[in-house]
Amino acid sequence: MTDMMPLYEVPLYEVFIRSKRGLDHRHVGSLHAEDSEQALEYARDVYTRRGEGVSIWVVKSSDIVASQEGDSASFYDPQDDKPYRHATFYKVPDEVSNL
Amino acid sequence: MPDFDASEMQARFDARIGAEERIEPKDWMPDAYRRNLIRQMSQHAHSEVIGMQPEGNWISRAPTLKRKAILLAKVQDEAGHGLYLYSATETLGATRESLVDALHEGRAKYASIFNYPSLTWADVGAIGWLVDGAAIVNQISLQRTSYGPYARAMVRICKEESFHMRQGYEIMLTLCRGSNDQRAMAQDALDRWWWPSLMMFGPHDAESAHSAQSMQWKLKRQSNDELRQKFVDQTVPQAEYLGIRIPDPKLRLDAATGHYAFGEIDWREFQRVVSGDGPCNRERLAHHVRAHDDGAWVREAAHAYQAKRAARDRVEAAS
């Protein structure tokens, strides 16, 4: 079996599971598979053995474009200088409700 | 693969709605449900975007740098809300282009309140307090709408919206504690924005074209009149604290029910504004068309840049 591809060349897929209708899919992990259909079957076998989900998404890891925390300060500016974007910035008198 | 016939899929859909389960993008759904959703969600999206205009009018004239920064952040949020809603609508198979075309050609509506002009700085306060206040009442209810992506967009929007109403009320409070002229300005804004705010909830339940079906599909969870009552009940005490008068001689607390009774909305005005003949309808739409056309070169440049990079990648791959 010298012509078999070594495992590291089998594409990596990221797996997302919707645990319940109405909720977002959440990233749960990754796995190797030859194609997307196989990735879906593997994800089913690996990540939903205990009824963890009602829907699975698989996405090739190489197709995910990700930012890094340390990329640049401006890309992920915590906006600490803009406290007025939060409701707590505004003083509402105790007598007033439903605001 | 089992071949489900239409009645079986319909039964499964009905069972999900009945069981309070959310419908998700890849589920089978009746065409009419899909069409109704595309109409409602895209009109909600258009409202967020058109709603930027009356407030945007005051960004360059805000009385202080602090108020300007706040208003800028709020208008920026509204653009984001439009984006969430357009994207959620696209999960139903509608293209962004078709939605914008429908708006430009007058086939799609948006909240009629944004066809009123923002004449003074107090209007910015009144919009945040009343218009966002009314929108929040509606959107809290829609967090339980039956279409998953719409419900999730509502959760995100309500969370971000919490500052909008408060900044508006704070502007009103500042004016009402100010000079006589400032108090008069706040009163004038309330006078002009009160009735259009009540109209935001739409026609009476009995006269609402889409209500019954939307309630059955659980797209709407509370009726127009229920939501309107909730808004009045929560807003009247807020106006009392400000010390300004709601322009409705029939407004009174009904001790028996604990709810406020209020006068009849001028439905002719509502119909006039909804059908395109309000104070600013033409201006709002023309501005949106112009902004869209003026932005065409940006979209074209981004596309040309992408094409150039793809061509370069092809050359590099070949060498």
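The values are calculated or read from the model by the stated rules, or taken from the named source; none is laboratory data. The model shown is predicted, which means the values in this text are computed figures rather than measured ones. Positions of Cβ are backbone-derived with ideal geometry, glycine not excepted, and every protein chain shown enters the neighbour counts. Accessible surface areas use protein heavy atoms only, side chains included; no ligands, DNA or RNA. Shrake-Rupley method; radii C 1.70, N 1.55, O 1.52, S 1.80 Å.
Observations, loosely collected:
- Extreme residue, nearest to the other protein chains (Cβ to nearest Cβ), among residues of region A:17-54 that are within 14 Å of the chain's Cα centre (by Cα) and hydroxyl-bearing (Ser, Thr, Tyr): A:Ser19
- Of the residues B:Asp101, B:Asp77, the single one that is in a helix (DSSP H, G or I), farther than 24 Å from B:Pro237 by Cβ and within 11 Å of chain A (Cβ to nearest Cβ) is B:Asp77.
- Residue within region B:256-273 that is outside any helix (DSSP H, G or I), aromatic (Phe, Trp, Tyr) and open to solvent by less than 100 Å² (accessible area, probe 1.4 Å) present: yes
- Here is the figure for region B:204-235: residues that are small (Gly, Ala, Ser) and buried (at least 19 other Cβ atoms within 10 Å of the Cβ) total 3.
- Flag for B:Pro279 being touching a helix residue (DSSP H, G or I) at 6+ places or on another chain (Cβ under 7 Å) and in a loop (DSSP other than H, G, I, E, B): yes
- Under the condition of being surrounded by fewer than 10 Cβ atoms within 10 Å (Cβ to Cβ) and in a loop (DSSP other than H, G, I, E, B), the residues counted in region A:40-63 number 3.
- When each of B:Ala15, B:Ala32, B:Ala11 is tested for being within 13 Å of chain A (Cβ to nearest Cβ) and either among the hydrophobic types (A, V, I, L, M, F, W, C) or buried (at least 21 other Cβ atoms within 10 Å of the Cβ) (or both), the lone residue that passes is B:Ala15.
- Inclusion of B:Leu92 among residues that are open to solvent by 60 Å² or more (accessible area, probe 1.4 Å), out of contact with any strand residue (DSSP E or B) (no Cβ under 6 Å at 6 or more places or on another chain) and modelled with pLDDT of 95 or more is not warranted.
- When B:Arg314, B:Arg221, B:Arg284 are screened for being within 28 Å of the chain's Cα centre (by Cα) and assigned to a helix (DSSP H, G or I), only B:Arg284 passes.
- Among the residues of region B:25-51, the ones that are touching a Gly at 6+ places or on another chain (Cβ under 7 Å) and modelled with pLDDT under 95 come to 0 in all.
- Region B:80-92: number of residues that are within 13 Å of chain A (Cβ to nearest Cβ) and of a type in the set (A, V, I, L, M): 1
- Applying the criterion of at least 2 residues that are more than 25 Å from the chain's Cα centre (by Cα) to the helices (runs of 4 or more DSSP H) found wholly in region B:1-57 leaves B:6-18.
- Residue within region B:112-133 that is under 17 Å from the mean Cα position of the chain (by Cα), at negative phi and among the acidic types (Asp, Glu) present: yes
- Qualifying residues in region B:35-77 (those that are among the basic types (Lys, Arg) and in contact (Cβ under 8 Å) with a residue 12 or more places away in the chain) - the one least open to solvent (accessible area, probe 1.4 Å): B:Lys74
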